[in-house]
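Please treat every number below as a calculation from the coordinates, not as lab data. Note that the coordinates shown come from a computational prediction; the quantities given were computed from them, not determined experimentally. Glycine gets a Cβ as well: all are built from the backbone with ideal geometry, and neighbour counts include every protein chain shown.
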Amino acid sequence: MPTITSVGVGSGIDVQGLVEKLVAAEGDPVTKKLDRKEATLQNSLTALGVFQGALTEFQTSLASLKDAQSFTKMSLTLSDDDVLNASISGDPDPGNFDIEVERLAQQHRLVSGTFASDLEAIGSGSISIQFGELNNVTGDFIVNPERPVKNIFITSDNNSLRGIQGAINDADAGVKASVLRVGKGFRLIVSSELSGATNSMRLKVNDNDNVDTDLSGLSTLSYEPAKLANQGQNLRQTSEGLNAIIKIDGVEIESPKNSINDVISGVTLDLSAESIGQTVGLKIFHDKAQVSSSIEGFVTQYNSFIQRSNELTSYDPETKEAGPLANDSSVRSALSQLRRALGTDFSAVNSQYVSLSALGLDTQRSGEQKIDTNKVQAALDKNITEVSQLFSRTGSANDPLVRYIGATDTTKVGNYPVVIDTLPTQGNYIGLDVAPSNIIIPHDVNTLVLRVDNIKSSVITLNSQVYNSLENLASELQSKINGDRELSSKGAAVNISVEDNHLVLTSQHFGGTSNIEILEIPEQLMAVTGLSVKQGQLGSDIQGAIGGNAAIGSGRTLMGQGNARGLEIEVVGGGIGRRGTVSYSKGVAERLDKLVASFLDAGGLLQGRTKGFTDNLKNILDDRNKLAEKLEKSEKQHLKTFSNLDALVGKMRSTGEYLSRQLAALPGARSQSNRRG
């Protein structure tokens, strides 16, 4: 507003003071009202921030309890962890084991003869690296079907010892090559990256000098374990591929690795040199102490939240003082919803622990929770599954061959019976009857192309050789198919077996998209393998019902409908008919977490309230600006009015003075004045 800096010059009236008082009389009541309203809003906004902060702190206590895995978490102890290391790697069952280590697994290692130079050419051709194990009875090299074959081509660009070393390492073949200087010469060392008997190496050479097993050219690096030394077995074995041998409760077990994760379900055993000859006790148990601690932490955080909420929403009838959020409907609604979630009834999934009260958590008059730790511990010891269903979002099946996968927010809590009408099948291809042994695969007719699960392979090339048995050919074919990049990159793979002199190719996947089709194969290869250009038997999806409603089948999984909509299970085995029940629960921690998130999310209950306060504060600022504009106009109007009045009074005063002077100058007035004098 403009400032008045002088009093009335004509009238002597304090125009500035008068205008200021008039403007203040007009503006002060409104300003004070806006100040009170702003202070109330600021207090409420600050209190709401405190409430949301307390709510966020409480939400952190829900993280472990809403996770069903927290209730199934297992721990283990070892009688001597300096000798053996063990860790939880899955979902083990409780138990006690005595573990004795007899031998460690080791990698297969080969070394060449001595070469005068590591840079001079050795020979050209190709080296095929296979993995498997020599059958000492039959003399056959049994190919490991899980390890793909790698063909490494040696040309004039890389045919030195150093060049071959680089070619092997660049091929990512599962082996490592190095060149070692020995005296005045050089040797090539080739090591399998994986330990175990079935990961032993076979280096089959296709030498451009047309002799693949002599000590000349590239065949110098040949290693055919079934052949004689220096007649195909031209590299020397310096370390045999061996399996680890352990005894668990007296039962001998072999493993290709020293890190063993497939013997005791959900547990990884790591063997070391210190383990040999030692027996170590292993105990696996439920980590219930951690669950109990999480429940106590939940109660502590909830009570802290309630205490803070009571301070913000309290009202004292004696002093008539109220907390800043005492009349806030959004806060009251949030607290009401949280209390209802705490009181959820779980009799639809639990038979004993149907509520938090049954577990040992009781609501006090203040709204806080009182925990009976002895009662909670007894519940954990008696039925941890039901305790889990009280807190977490969890699902479980009582059929060991039915696996709960997951559910959605639309899935209703409950126990759902499972009925299987049709089991899923895998696509397969059955070849014709062929000779069971001495199968000759010629060099120029050893390729085929197939489609697995609707994915086309590149050209599959079999090793040209005599296969002593159809089983050996099956292992070779499976290894080559599963090693194909086109198939493996998209997850397509097969298992190949022999049934009554028939090769049987089976997709590793289940369902309607599971299929095998031979697309290209030479007639001579057809004759010895029994495979021909045709489509095999298509796989089929599982069919069944969940909770009495037909479910949607895909492969081995069923997706529920109706109340079970979104509930997904996988049937990994077993037969048709009734397959037990699947229980699904949204526990208290899961529900509270969802509620808190909905309150705090953008557009949520409390965020909406915060926005309301902020908008009202902006409105007050707008009202202040409007008032300032109004008062400025009033001031200008008052200033104009009083300035005009001042001018008028000044003019009247001047006129009066003039008249007084004129009257005083009249003759009669002067004589009269003299007489009076």
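Spatial offset of the stretch 316-388 relative to the stretch 567-608 amounts to 20 Å, using the alpha carbon center of each. For the chain, averaging the sequence separation of C-alpha pairs within contact (under 8 Å, six or more residues apart) and dividing by the residue count gives a relative contact order of 17 percent. With the charge dipole of the chain set up from +1 on Lys and Arg Cβ and -1 on Asp and Glu Cβ about the Cα centre, the Cα lying farthest toward the positive end among the listed residues 87, 607, 235 is that of 607. Our helix-only sum for the chain, with -39,500 (n - 2.57) per DSSP H run of n ≥ 4 divided by its residues, gives a mean residue ellipticity at 222 nm of -11500 deg cm²/dmol. Rounded to whole Hz and in sequence order, give me ³J(HN,Hα) for the stretch 31-40 from the Karplus expression 6.51 cos²θ - 1.76 cosθ + 1.60, θ = phi - 60°, writing x for Gly and Pro. Calculated HN-Hα couplings, in order: 4, 4, 5, 5, 4, 5, 5, 5, 4, 5 Hz. Answer rounded, prolate or oblate for the stretch 241-280, using the Cα gyration tensor with square roots of eigenvalues a ≥ b ≥ c: rounded when a/c is under 1.5, else prolate when a/b is larger than b/c, else oblate. The shape class here is rounded.
Out of every Cα-Cα pair that the chain contains, those further apart than 36 angstrom amount to 67 percent.
If you plug the beta carbon distance of residue 340 and residue 636 into 1/(1 + (r/R0)^6) with R0 = 41 Å, you get a FRET efficiency near 0.10. Each of residue 664 and residue 401 was given a label point 7 Å from its Cα along the Cα-to-Cβ line. The distance between the two points is 13.3 nm. The long axis of helix 667-676 is offset from the longest Cα principal axis of the chain by roughly 70 degrees. The 3J(HN,Hα) values that the Karplus relation (6.51, -1.76, 1.60; θ = phi - 60°) gives for the stretch 145-159 are, in residue order, x, 7, 10, x, 6, 10, 9, 10, 9, 10, 10, 5, 7, 9, 8 Hz. Gly and Pro appear as x. Converting phi to 3J(HN,Hα) with the Karplus coefficients 6.51, -1.76 and 1.60 and the offset θ = phi - 60°, the stretch 409-414 yields 5, 7, 6, 7, 5, x Hz in sequence order, with x at every glycine or proline. Once backbone amide H atoms are built at 1.01 Å from N, residue 416 has 582, 583, 584 as its partners under 5 Å, excluding neighbours fewer than 5 places away on the same chain. Solvent-free Debye calculation, one equal scatterer per alpha-carbon of the stretch 317-435: log10 I(q)/I(0) at 0.16, 0.20 Å⁻¹ equals -0.96, -1.21.
Spread over its residues, the convex hull of the C-alpha atoms of the stretch 107-239 is 96 Å³ per residue. Placing +1 on the Cβ of every Lys and Arg and -1 on the Cβ of every Asp and Glu, with no other charges, gives the chain a dipole of roughly 4960 debye about its Cα centre. What length, rounded to one decimal in nm, is gained on full extension from residue 26 through to residue 307, with 0.36 nm per residue of separation minus their alpha-carbon distance? Result for the pair: 96.6 nm of gain on full extension.
With the cut-off at 23 Å, report for the stretch 426-535 the share of all Cα pairs above it, as a whole percent. Pairs farther apart than 23 Å: 18 percent.
Within the same chain, lysines fewer than 8 places from residue 534 are excluded, and of the rest, those with a Cα less than 17 Å from its Cα are 456. Within the stretch 304-373, the proportion of Cα pairs with more than 13 Å between them is 71 percent.
The stretch 95-127 and the stretch 503-531 have Cα centres lying 35 Å from one another. With contacts taken as Cα pairs under 8 Å and at least 6 residues apart, the stretch 413-550 reaches a relative contact order of 39 percent. Residues 75, 112, 660, 200, arranged from fewest to most other Cβ atoms within 10 angstrom of their Cβ, appear as 660, 75, 112, 200.
Candidate cross-link partners of residue 586 among the lysines, defined by an alpha-carbon separation under 23 Å and a same-chain spacing of 8 or more, comprise 66, 73, 288, 370, 375, 382, 412, 594. Ordering 167, 155, 114 by the projection of their Cα atoms onto the charge dipole of the stretch 107-239, which places +1 on the Cβ of Lys and Arg and -1 on the Cβ of Asp and Glu, puts 114 at the extreme positive end. Remark on residue 467: its backbone amide H falls under 5 Å from those of 439, 440, 441, a criterion applied only to residues 5 or more positions apart or on other chains, H modelled at 1.01 Å from N. If each Cα of the stretch 1-147 is one equal point scatterer, what is log10 of I(q)/I(0) from the Debye formula at q = 0.10 Å⁻¹? Debye curve over Cα of the stretch 1-147, log10 I(q)/I(0) at q = 0.10 Å⁻¹: -0.88.
At an R0 of 22 angstrom, the distance between the Cβ atoms of residue 82 and residue 176 translates into a FRET efficiency of 0.10. Dividing the convex hull volume of the alpha-carbon atoms in the stretch 64-111 by its residue count gives 158 Å³ per residue. For residue 320 and residue 119, the difference between the fully extended length at 0.36 nm per residue and the C-alpha to C-alpha distance is 62.6 nm.
Along the Cα-to-C-beta direction of residue 272, a point sits 7 Å from the Cα; which residues of the stretch 244-262 have their amide N less than 16 Å from that point? Those under the cut-off are 258-260.
Enclosing the Cα atoms of the stretch 522-606 in their convex hull gives a volume equal to 217 cubic angstrom per residue. Give the angle, between 0 and 90 degrees and rounded to the nearest 10, that separates the Cα long axis of helix 588-600 from the longest principal axis of the Cα atoms of the chain. Roughly 50 degrees between the two axes.
Pull up the cross-link candidates among the lysines for residue 257, meaning alpha carbon to alpha carbon under 16 Å and not fewer than 8 places away within one chain. Candidates past the 8-residue exclusion: 247.
Basic side chains Lys and Arg get +1 at the Cβ, acidic Asp and Glu get -1 at the Cβ, and with that the dipole of the stretch 131-274 about its Cα centre reaches some 580 debye. Relative to the longest principal axis of the Cα atoms of the chain, helix 161-170 runs at roughly 50 degrees. Only Lys, Arg, Asp and Glu carry charge here, each on its Cβ (+1 for the first two, -1 for the last two); on that basis the stretch 453-492 has a dipole of about 140 debye about its Cα centre. At full extension, residue 485 and residue 259 could sit 78.6 nm farther apart than now, given 0.36 nm per residue minus the alpha carbon distance.
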